[in-house]
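The values are calculated or read from the model by the stated rules, or taken from the named source; none is laboratory data. All figures in this text were calculated on a predicted structure; none of them were measured in a lab. Don't worry about glycine lacking a Cβ; one is built from the backbone with ideal geometry, like all the others, and counts go over all protein chains shown. For accessibility, only protein heavy atoms count, side chains too; no ligands or nucleic acids. Shrake-Rupley method; radii C 1.70, N 1.55, O 1.52, S 1.80 Å.
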Amino acid sequence: MLTPLADAVLVRESEFIQTQTIVVRGDDGVLLIDPGITRAELRSLADDIRGLGTEVAVGFSTHFHWDHVLWHPDLGAPPRLGTSATVRALDELLQQDDWREQIAEGLPPEHADDIPMELLGELTALPEGTTRLPWAGPDIRLLEHRAHAPGHTALLIEHARVLVVGDMLSDGLVPFLDRAAAHPLSDYLAALDLIEGALTQVDVLVPGHGSIARGAEMADRIALDRAYVEAVRDGREPDDPRLGPHAIHDWMRDVHRGQAAAFAGRD
Ligand SMILES: [Zn+2]
């Protein structure tokens, strides 16, 4: 169900690791950010948008990972945008013969048969260095960085004081570092600095997965992600509730063990 979040901004939470989908009302239809996961969800999202008396004018994917680039015919066939680095990374993946198998390894088994792969990733690249979303609607600034995935982009919905951050700043997931990056840790820390610099302009922060943060909790999320990345870099065990006895996802400790082994001492 789409729920109002701020003026002209609505949100829908998926059952799959609390994936957050954002809808922003524009002049000629809505902007749809990271549409969601299962066929049933995407159909219901399309129904909800029709129920608002409008349609999808443009899609946007915060980054190229499969759970952010899905689509369904009921959402129509508007342009679906990503940064040029996002589209390059996606094209590189889709050119590999076994991309379906690569994605299938990460699919949640309970939803695997209900995830529509047919329209995955048909994105159009924005010009390199685009800092404002080109669309007929409220002004949206694009903050592109290199944490977690190439081309990863946060969207600052200025009038509504909402920041959509993609796969960072989750209360359930520790930072997922990019094994393919040349500087996965310093890139991550630089992205946290970039997002921290935008916090004075927002009241609400929406992570790609996890619960929405408001007010002082936004800075707390940044501090927690920064402490995690620094601990991994320095080979220390992080003091992080996402890995503790009350962790939201018990499999996060395995993710952390793998990252601690792969990234200690890197920059
Ligand atoms: Zn991701």
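What is the helix-to-structure angle for 184-198, meaning the angle in degrees between its Cα long axis and the longest Cα principal axis of the chain, kept from 0 to 90 and rounded to the nearest 10?
60 degrees
Quick one: accessible area per residue over the chain, 1.4 Å probe, rounded to a whole number of Å²?
Details: 11420 Å² over 267 residues.
Per-residue accessible area for the chain comes out at 43 Å².
Would you work out which of L155, I140, T200 lies farthest towards the positive end of the dipole of the chain, given +1 charges on the beta-carbon of Lys and Arg and -1 on that of Asp and Glu, about the Cα centre?
It is T200.
Out of the total accessible area of the stretch 3-263 (probe 1.4 Å, heavy atoms of protein only), what percent is carbon and sulfur?
With neighbouring chains kept in place, the figure for the stretch 3-263 is 49 percent.
Determine the shape class of the stretch 93-135: with a ≥ b ≥ c the square roots of the Cα gyration tensor eigenvalues, call it rounded for a/c under 1.5, and otherwise prolate if a/b is greater than b/c, oblate otherwise.
On the way: a/c = 3.06, a/b = 2.02, b/c = 1.52.
Since a/c reaches 1.5 and a/b is larger than b/c, the shape of the stretch 93-135 is classed as prolate.
Could you run the Karplus curve 6.51 cos²θ - 1.76 cosθ + 1.60 with θ = phi - 60° over the stretch 105-111 and give me ³J(HN,Hα) per residue in whole Hz, x for Gly and Pro?
Here the 3J(HN,Hα) series is 4, x, 6, x, x, 5, 10 Hz.
Using a 1.4 Å probe on the protein heavy atoms only, what accessible surface does E230 show? Give it in Å² to the nearest 10.
Near enough 60 Å² of accessible area.
Would you mind checking which residues have amide H under 5 Å from R80's amide H? H placed 1.01 Å from N; only 5 or more apart, or other chain.
HN-HN under 5 Å from R80: G59, T124.
Accessible area of R233, 1.4 Å probe, to the nearest 10 Å²?
Number for this one is 80 Å².
Going by accessible area, probe 1.4 Å, with all protein chains left in place, what is the ranking of T131, T86, largest first? Each step should come with its number before you reach the end.
Numbers: T131 85, T86 0 Å².
Result of the area sort, largest leading: T131, T86.
Just subtract the alpha-carbon distance of E105 and D74 from 0.36 nm times their residue separation and send over the number in nm, one decimal. Let's see the in-between values first.
Details: separation 31, 0.36 × 31 = 11.16 nm, distance 2.68 nm.
That works out to 8.5 nm of additional length.
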